[in-house]
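Everything on this sheet refers to the single structure shown next.
What follows draws every value from the coordinates through simple rules; no lab data is involved. Just so we're clear, the structure is a prediction, and the values are computed from it rather than from any experiment. Counting neighbours? That spans all protein chains shown, and the Cβs are built from the backbone with ideal geometry, glycine included.
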Amino acid sequence: MDDEVGYRGAVAARAAGITYRQLDYWARTELVEPTVRGASGSGSQRLYGFRDILVLKLVKSLLDTGISLQQIRTAVDELRRAGIRDLAGTTLMSDGASVYLCTSNDEVIDLVSRGQGVFGIAVGKVLREVESTLVAFDATAPDPVDELSARRTKRSA
């Protein structure tokens, strides 16, 4: 998928399986900021790239496994700092308290051999899931109205 293509917030939230409110909060707190176009004042529209939506979906997956948002922030910051570009070849692991980046079978084996239960999220699988969801959105009806726009429209009517 082309990272220059921008997706509105409502589409990004649906593709990642999160609420628009979560998307807005994560953008305002700089957990996952839109890279195509950020908010530039009241009424401006954020545009999220494919990689942004992938990170949103990963954050959601980690939250679903019980990882705290604080730990997820640390993990996302580390991924950015490390400059990880090939997300499809990586797996994120967690023991419930921390998040680990695994790029080979040796690392996975090493983590599991310590005797702690771990959750794995194959980033390649999530990447394909986001990709197919966005393709399906492109083929469907016009862009859905996000909840904030719906409320504004209702108030002005």
Scoring only Lys, Arg, Asp and Glu (+1, +1, -1, -1) among other residues with Cβ under 13 Å from the Cβ of L69 yields -1
Nearest-0.05 FRET efficiency for D138 and Y25 at R0 = 30 Å, using Cβ-Cβ distance, is 0.70
